[in-house]
1. Checking the structure you have, find out if any residue of region 46-58 is in contact with a helix residue (DSSP H, G or I) (Cβ under 6 Å, 6 or more places away or on another chain), of a type outside the set (Asp, Glu) and surrounded by 12 or more Cβ atoms within 10 Å (Cβ to Cβ).
2. Please verify whether region 8-27 includes one or more residues that are in a strand (DSSP E or B) and surrounded by fewer than 15 Cβ atoms within 10 Å (Cβ to Cβ).
3. Pairs please, first residue from region 37-61 and farther than 8 Å from Phe3 by Cα and of a type in the set (D, E, K, R), second anywhere and modelled with pLDDT of 95 or more and assigned to a helix (DSSP H, G or I), Cβ atoms under 6 Å, 6+ apart in sequence or on different chains.
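The values are calculated or read from the model by the stated rules, or taken from the named source; none is laboratory data. Note that the structure is predicted; figures quoted are calculated from it, not measured. A quick note on method: Cβ atoms are made from the backbone with ideal geometry, for glycine too, and the neighbour counts reach across all protein chains shown.
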Amino acid sequence: MSFFVSRQLYFYQNKNCVEIAYPSIDSSGPDMLVEKYAGEGEEYNNPIEALEIALNIASAWQEDIPDEDIFITFGNMELVE
């Protein structure tokens with residue numbers, strides 16, 4: 001199991017998000033953007049490393065679009081019995 005980090009533009013909410021999906025890329029949202037920043041579109045076994053990458057991506061993205069809000073989200077699609 002790993003943590004997948006991607007940038008998303010949540011279409012219906014019109015929100016810019018860096019998403020950490022668990023347990024894999026299969027749990028990632030459908031509104032993923034093309035990879036642009038270091039570490040984006042990769043899977044990480046360590047959740048702390050995934051969060052650090054997400055923070056770095058959010059910071060770089062914010063510099064590129066300073067008038068927009070950037071959020072960090074976490075998605076867990078694992079089934080609970």
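1. no
2. Within region 8-27, one or more residues are in a strand (DSSP E or B) and surrounded by fewer than 15 Cβ atoms within 10 Å (Cβ to Cβ).
3. Going by the 6 Å Cβ cut-off, the qualifying pairs are Glu40/Ile57.
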